[in-house]
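Only the coordinates and a few stated rules stand behind these numbers; no lab work does. On a predicted model such as this, the values are computed, not experimentally measured, just so you know. Counting neighbours? That spans all protein chains shown, and the Cβs are built from the backbone with ideal geometry, glycine included.
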Amino acid sequence: MMQRKLSLIWGATLGFCALVVLPVMAQANFTIYGDPTGAPTTNLTVDHTIYKLSNDGMTKFATWVAYKLEKDMFTPAGKTKRVWKKDPNIPNGQTLVPSDYQGAHATLDVDRGHQAPLGSFSNTAYWRKTNFLSNITPQKSDLNQGAWLRVEVRVRKLAAEDETVYVMTGPLYGQIWGKLPNASMTHRIPTGYWKIIAIEQEDEDEPILVTGYMFGQDTARSADEDDYRATVNQIEKCTCLDFFPLLDDEIEERVESQNSLELPSMN
């Protein structure tokens, strides 16, 4: 089952004042054992306080997005909105603008899919930054509202268990999949997506626990997300990126060849 699915991937004013205390975000390290390497040398890396991304001016989408999640960063009562904006930190012509997505849902059945999730930062002062279009890709609605969302929820459940969770995510590219009908710039829509989730532990031989996922754009809404688990090694082969580059080579090979982290269930 797993091999079949991985082979396919290759080719979601009241009149009084209230004091709201939000976490103060210091300069963060969004990755452990180094940022991914191997992205195009022309990419622009941007730090958005709660996440970091490497933007590809050719595809107009991020090659990778990384964020660190802790339990005080999100709350079910958090007030957020989806107000899409061009990333002000990226030059014109290297990322999309809101008008590029006009008609996309009706034509391609895609959502504006967050890479760093809006819901994971609802209790911070910076959640609006997740709506920058550099953090968004055209993601099929069934995937965005199905397996992809469920993994995001399970990551939040893991963080709620007093874990500091490190997440890296990004697109996969196979055959040409289509184009946004009203986009004015050349771009390349992903044919799938990957996600890597890691936590640290006090073990010299296995200092981190890791699991990964790879999904094709056509993943069914009802699909069991765990059928799409992938090792870091498999994701590296599909992306040409190198993850955890500062790990000792022997430890890195052992960590990246297995899924050692189990996410909490949805129940």
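So the values come out like this:
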| quantity | calculated |
| --- | --- |
| Candidates per trypsin sites (Lys or Arg not before Pro) in segment 57-129, loop by DSSP, up to 10 other Cβ within 10 Å | K79, K81 |
| Under 20 Å from K71, Cα to Cα: aspartates and glutamates that are on another chain or at least 8 residues apart | E152, E161, D162, E163, E200, E262 |
| P(r) of segment 122-267 over all Cα-Cα pairs, binned every 5 Å from zero, in whole percent | 2, 8, 17, 20, 19, 16, 10, 5, 2, 0, 0 |
| Prolate/oblate/rounded call for the chain, Cα gyration tensor, a/c under 1.5 rounded | rounded |
| Pairwise FRET efficiency - T37 versus A77, Cβ, R0 = 41 Å, nearest 0.05 | 0.55 |
| Three-way shape label, segment 69-161, alpha-carbon gyration tensor, a/c 1.5 | oblate |
| Compactness of segment 189-267 - radius of gyration and Dmax, Cα, Å | 13.6, 40 |
| Estimated 222 nm signal from helices in the chain, with DSSP H stretches of n ≥ 4 weighted -39500 (n - 2.57), rounded to 500 | -5000 deg cm²/dmol |
| Greater than 23 Å apart at Cα, pairs in K68/K179; K129/K195; K140/K195 | K68/K179 |
| Mean-position separation - Cα centroids, segment 98-161 and segment 249-267, in angstrom | 24 |
